[in-house]
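Below: the structure, in structure tokens.
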Amino acid sequence: MNTRKKIKKLFALLTAGALLCPLLTGCGNTDTEPVTKTGLYFDTVISVTLYGSDKESYIDECFAMADRYESYFSATLEDSDVSKINENVGTPVTVHEETAELIRKSQEYYEISGGKFDITVGALTSLWNISHSDGTVPSPEAISQALATVNAENVIIDGNQVTLTTPGSAIDLGGIAKGYIADQMKAYLNSQGITSGLIDLGGNILALGPKENQDATSYTIGIQRPFADDGDPIAAIEVTDQSVVTSGIYQRYFEADGVLYHHILDTATGYPCDNDLASVTIINDSSVDGDALSTTCFAMGLTDGLAFAESLPNTEAIFITTDGELHCTSGIGTSIPFRSL
């Protein structure tokens with residue numbers, strides 16, 4: 001696929017299959033018009049919008065951060081930290097401090113999720129290759145073989161050295177990396193005195209403070225209606241200085257013999273999760289936590305996932321089942337303004 005076609009496809013994903021979308025409401029007269037730029041990173045389109053500042057150089061630095069982190073966390077770039085770990089199983093690999101930090105964070109979620117969140121799914125994700133699949137379902141034998149390599153306890157972290165101990169095992173940080181990057185972008189912008197804006201990393205949305213010089217101080221974020229061709233939202237929430245992250249079956253998938261196979265894999269079976277969920281949205285203060293939690297709660301299923309989200313401090317969640325029903329934690333509609341559309 002050539003670059004132009006790839007970009008066209010990715011923009012279609014962002015608009016028609018996107019998991020979240022800022023709704024442009026409450027934008028009154030401003031002293032400084034918002035400035036927005038988009039870029040292509042992590043195999044998706046990202047955007048950064050600043051309110052109260054017209055300096056694009058701040059966004060350029062955010063994109064430089066995205067480029068740098070992609071070179072650390074990508075499982076497909078040849079010289080990335082993650083690729084070096086995966087290519088040198090059994091040997092300690094010295095990585096950047098932030099790579100080690102993110103892997104430690106991932107291991108924490110492996111523990112609290114009871115193994116539902118596991119970054120050693122790399123062999124499975126490569127086997128399914130959902131994003132670029134030709135529609136072929138892997139054989140049960142191949143799935144079983146890949147599944148045998150999934151065990152986060154086989155990751156050893158010692159300072160900035162990371163070791164994979166199981167032959168054939170591979171790390172994939174796709175379930176947490178964008179959240180980490182969004183948080184780092186926010187920290188940078190805050191350090192430069194930028195306290196109003198939106199960071200959108202392909203469905204991971206992080207709001208900086210309230211809108212400056214706007215009629216509405218909160219940001220209105222639309223929650224994607226599953227499989228809506230036009231990106232039509234099913235609901236909207238209002239947030240201020242919070243993260244909104246969704247995991248859903250309609251972002252990356254293929255169909256074979258009438259069955260939909262999506263990218264959220266069950267670490268117990270090796271197949272896509274089959275639990276009647278279409279998406280899970282997490283609203284909290286940290287995008288890295290929201291990223292990991294959206295995957296974790298989805299893998300847990302509606303009952304256990306909803307209970308788990310309810311038990312967490314400063315965390316709310318919206319579950320959408322495949323029949324289009326919404327199921328929310330107790331703070332949705334109270335601490336988090338919410339409306340169905």
Roll a 1.4 Å probe over the protein heavy atoms and report the accessible area of residue 183 in Å², nearest 10.
30
Summed over the other residues with a beta carbon less than 14 angstrom from that of residue 313, with K and R at +1 and D and E at -1, the charge totals -4
Here P(r) for the range 301-341, Cα-Cα distances in 5 Å bins, as whole percents, is 6, 23, 33, 23, 14, 2
Starting from the coordinates of the alpha-carbon atoms of the range 56-149, obtain the Kirkwood hydrodynamic radius over all distinct pairs and give the value in Å to one decimal.
15.4
Tally of Lys pairs whose C-alpha atoms are under 19 Å apart, taken over the chain, 8 or more apart or cross-chain
15
Once residue 229 and residue 285 are pulled to full extension, the length gained, defined as 0.36 nm per residue separation minus their Cα-Cα distance, is 17.1 nm
Which percent of the accessible area of the chain is formed by carbon and sulfur heavy atoms (probe 1.4 angstrom)?
47
Rotationally averaged projected area of the range 263-329 (alpha carbon convex hull; nm²)
4.3
Report P(r) for the range 174-323: all Cα-Cα distances, bin width 5 Å, range 0 to the bin holding the largest distance, values in whole percent.
2, 10, 18, 21, 20, 14, 8, 5, 2, 1, 0
Please sort through the DSSP H helices of the chain and keep those with an alpha-carbon extent of at least 20 Å along the long axis and a Kyte-Doolittle average not below -1.0.
56-73, 177-191
Scan of the chain for GluC sites (Glu not before Pro) in DSSP loops with at most 12 other beta-carbon atoms within 10 Å gives a longest site-free stretch of 79-324
Probe of 1.4 angstrom, ligands and nucleic acids ignored: what's the accessible area per residue over the chain, in square angstrom?
43
From the square roots a ≥ b ≥ c of the eigenvalues of the alpha-carbon gyration tensor of the range 135-201, which class results: rounded (a/c under 1.5), prolate (a/b over b/c), or oblate?
oblate
Principal axis extents for the chain, Cα atoms only, whole Å, descending order, please.
60, 44, 44
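The values are calculated or read from the model by the stated rules, or taken from the named source; none is laboratory data. Note that this is a predicted model, so its numbers are computed, not measured. FYI the Cβ positions are ideal-geometry reconstructions off the backbone, even for glycines, and counts take in every protein chain you see. Accessible surface is based on the protein model in full, side chains and every heavy atom, while ligands, DNA and RNA are left aside. Shrake-Rupley method; radii C 1.70, N 1.55, O 1.52, S 1.80 Å.
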